[in-house]
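Read the figures in this text as sums done on the coordinates, not as results from a lab. Everything numeric here is computed off the predicted structure, so don't read it as measured data. Here Cβ is always computed from backbone atoms with ideal geometry, including for glycine, and neighbour counts include all displayed protein chains.
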Amino acid sequence: MKNELNKKLLSVWIKFNQKIMYKKAKKYGFTHPYVVAHSQSLDVLLNKYQKLSETPPLHKYPRTILSNHPH
């Protein structure tokens with residue numbers, strides 16, 4: 001549940017920051033340092049969102065769950 005809330009908050013924050021970046025790009029151009037810096041910050045947010053969306057590796061599951069499956 002907490003994970004879903006974090007994803008939702010990140011999603012809203014990403015959309016908000018995208019709008020800001022587009023406005024900066026329109027005003028300064030896509031290669032302006034302000035826009036590039038904002039784009040890099042947005043990349044960090046997108047990477048966090050992606051990480052929350054990934055399925056955890058098998059070693060993070062409790063052994064009891066894994067032991068019930070045939071090999």
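Below, the figures for the structure above:
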{"quantity": "Over 29 Å (Cα to Cα) - which of 19/48; 26/48; 27/51; 15/51 fall in this group", "calculated": "27/51"}
{"quantity": "Inter-label distance, nm, simple model (7 Å from Cα along the C-beta direction), residue 41/residue 13", "calculated": "1.2"}
{"quantity": "Filtered chymotrypsin sites (Phe, Trp or Tyr not before Pro), segment 1-38: DSSP coil and at most 14 other beta carbons within 10 Å", "calculated": "30"}
{"quantity": "Contour excess over end-to-end distance, with Cα ends at residue 52 and residue 3 and 0.36 nm allotted per residue", "calculated": "17.0 nm"}
{"quantity": "Alpha-carbon spread of segment 1-50, three principal axes, descending order, Å", "calculated": "40, 15, 10"}
